[in-house]
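Accompanying notes for the structure given below.
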Amino acid sequence: MEAGTPVLKIDGLGVDFWVDGTWYPAAIDLKYDVMPGEVLAIVGESGSGKSSSSMALLGLLPPNGRVHGTIEFAGRDISSISASALRKLRGEDIAVIFQEPMTALNPVYTVGFQIIEMLRVHKAMPPMDARERAIELLRLVEMPSPETTVDKYPHQLSGGQRQRGMIAMALACDPKLLIADEPTTALDVTVQAEILDLLRALRTKVDAAIVLITHDMGVVADIADKIVVMKDGRIVESGEIVEVFEDAKHPYTRQLLAAVPRPNLDPLPAGAPIAERKSGEPVLKFEDVVIEYPKRGRVPAFRAVDGVTFDILPGEVVGLVGESGSGKSTIGRAAVGLLPVHSGLLSINGADMRGMNAKRLREMRRHTGIVFQDPGSSLNPRIPIGESIGEPILLAKEAKGRDLDRRVETLLDEVELPRSFRNRYPHELSGGQRQRVGIARALALRPPLLIADEPTSALDVSVQARFLELLQALQQELQFACLFITHDLGVVDVLAHRIVVMNHGKLVEQGTTDEVLRNPKDPYTQRLISAVPLPDPRLQRERRERRAAHV
């Protein structure tokens, strides 16, 4: 490849899908190029055509898709090459890091086997050499204990470790182009920072070009050199990263940047007043709570939560933050009676949840609503959303018939969904709309306590912004207490009155949002906050350099 030649050059690229007798465009007349060692970020909301257009480069579209236009890779037109030639390119010269490694990795083979398979197919390596190379790649992506991890199955690894395994596989053949499709979605901020540092280091080591598909503007500001903004299948703006962030020309780009939660991490000035807590008896109270997963066969008992104490008052939102495995979701599940408490006091509205029988527990659950992380899998796909929302009211025998219909319509109004949606099924709604249905269902019985478990992790920034505004408005109107479990500190800053920080099952810090985010005391909280990517390229570069200096 000649110097100055783009690794990837796209001209007039279009992607269409055949649905019900009509071709629907997913990407229209795209044009961009990527140079060696350069990171191009493609951003936009769900349905904008980012992933479809990138999968089209490798012939990974479903059978009802078609592609037209020119795709040049390393100066060679690959838009009409044979399937066998494209298979040779895939993995060897162009690699993909998929969004969800748990579904992209084969669950019945070890991570090492899957990397070795790549090396033996594309490089014809002997088995022992391929194994040594696989361990070397796992070491390169900073996988803990690569000599033993090479023989582990995907389900035995954490989300961040699976993502590292996926990156190791993608880099196995030293590709010239790496397509990373949402590589940090649903990762903790510290793991995300490590993955971005890793991609940055690999870019310089192997001089690979990277196409980064994401909706996280903090990630874009952290790693990208150039940006392409897509809306409704078209490119509406493109340019150098600093130029677009500081002087966006298109209204959609400005709207996208304005919707990003920007946590204020500046230290509190000395003597700044601290907000007073609300008054009243706690709605939810944890006092020295221990939660254990019992011993099973040879697997010893595991203490997931150890000696946690905090409470939530009426009308208060408490953000529960920490990395994967810190015990956040375990606390949320215990609060709704899905996990037993080993020791300590857990009470809702003054009623002790320990040792409660099944009948009493069912009654207590009427006082607690829960919004799950993935509304698509938590809603019944076989019943319309009107029935899903009305089901808790019907089971509680609070209303039926026309009264129930009116209650469902009121709930749809409150979450700003059209009443006509009551007859639609979950698959007919977008992610943000399904999440609103989840809130309506959780609030159907007007519970004094709402548990929200990572409800914004898979939402686009603009959908997330509208979702947070809605939740804030409902919380101020209904004054329910809310335990908001998340790893997104920007969201916590917008929503929470107080923050509780968890690490390895222990509570390491708690206080008002100002105290924890802007004046953290615990070293773990400080590390967590320093890893948050800010949606500002200049500021983010400074923070990254400061963080590297302290390592």
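Average accessible surface for the chain: 46 Å² per residue, computed with a 1.4 Å probe over protein heavy atoms with every protein chain in place.
If you take all other residues with their beta carbon under 11 Å from the beta carbon of Pro25, and give Lys and Arg +1 and Asp and Glu -1, the sum is -1. Which of rounded, prolate, oblate describes region 47-132, given a ≥ b ≥ c as roots of the alpha-carbon gyration tensor eigenvalues and a/c under 1.5 marking rounded, otherwise prolate only if a/b is larger than b/c? Oblate. Two numbers describe the Cα atoms of the chain: Rg and Dmax, which are 24.9, 74 Å.
Listed by chain and number, the aspartates and glutamates whose C-alpha is less than 20 Å from the C-alpha of Lys359, apart from same-chain residues fewer than 8 away, are Glu391, Glu398. For Lys397, the aspartates and glutamates whose Cα comes closer than 20 Å to its Cα, not counting residues fewer than 8 places off in the same chain, are Glu363, Glu387, Asp405, Glu409. Compared with the alpha-carbon gap, the fully stretched path from Arg446 to Ala258 is longer by 64.4 nm at 0.36 nm per residue. In percent, rounded to a whole number, the relative contact order of region 148-276 is 16, using alpha-carbon pairs under 8 Å and six or more apart. Between Tyr24 and Gln479, take the C-beta separation as r, use R0 = 56 Å, and let me know the FRET efficiency to the nearest 0.05. Taking R0 as 56 Å, the efficiency between Tyr24 and Gln479 is 0.80. In this simple spin-label approximation, Tyr293 and Asp522 carry label points 7 Å from Cα along the Cα→Cβ vector, and these lie 2.1 nm apart. Here the extension length gained between Arg419 and Phe17 equals 141.7 nm, from 0.36 nm per residue of separation less the Cα-Cα distance. Taking all Cα pairs closer than 8 Å and separated by 6 or more residues, the relative contact order of region 289-415 comes to 17 percent.
Note on Leu338 and Asp232: the model spin-label points, each 7 Å out from Cα along the C-beta direction, lie 3.9 nm apart. When the charge dipole of the chain is built from unit charges on Cβ atoms (+1 for Lys and Arg, -1 for Asp and Glu) and taken about the Cα centre, the candidate among Leu468, Ala399, Leu265 whose Cα reaches farthest toward its positive end is Ala399. If R0 equals 30 Å, the separation of the Cβ atoms of Arg541 and Ser46 corresponds to a calculated FRET efficiency of about 0.55. Of the listed pairs Lys31/Lys123; Lys123/Lys226; Lys9/Lys231; Lys295/Lys521; Lys176/Lys249, which have alpha-carbon separations greater than 27 Å here? Listed pairs above 27 Å: Lys31/Lys123; Lys123/Lys226; Lys295/Lys521; Lys176/Lys249. Entry note, the chain: relative contact order of 16 percent, from Cα contacts under 8 Å with a spacing of 6+ residues. Measuring r between the beta carbons of Asp352 and Glu132 and using R0 = 60 Å, the FRET efficiency lands at 0.55.
One decimal place: the segment Val108-Lys400 gains 100.3 nm when fully extended, by the rule 0.36 nm per residue minus the C-alpha distance. When the alpha carbon gyration tensor of region 450-497 is reduced to an equivalent ellipsoid, the three semi-axes, largest first, read 17, 12, 9 Å.
The values are calculated or read from the model by the stated rules, or taken from the named source; none is laboratory data. These numbers come from a predicted model, not from an experiment. A quick note on method: Cβ atoms are made from the backbone with ideal geometry, for glycine too, and the neighbour counts reach across all protein chains shown. Keep in mind that these areas ignore ligands, DNA and RNA; they rest on the heavy atoms of the full protein, side chains included. Shrake-Rupley method; radii C 1.70, N 1.55, O 1.52, S 1.80 Å.
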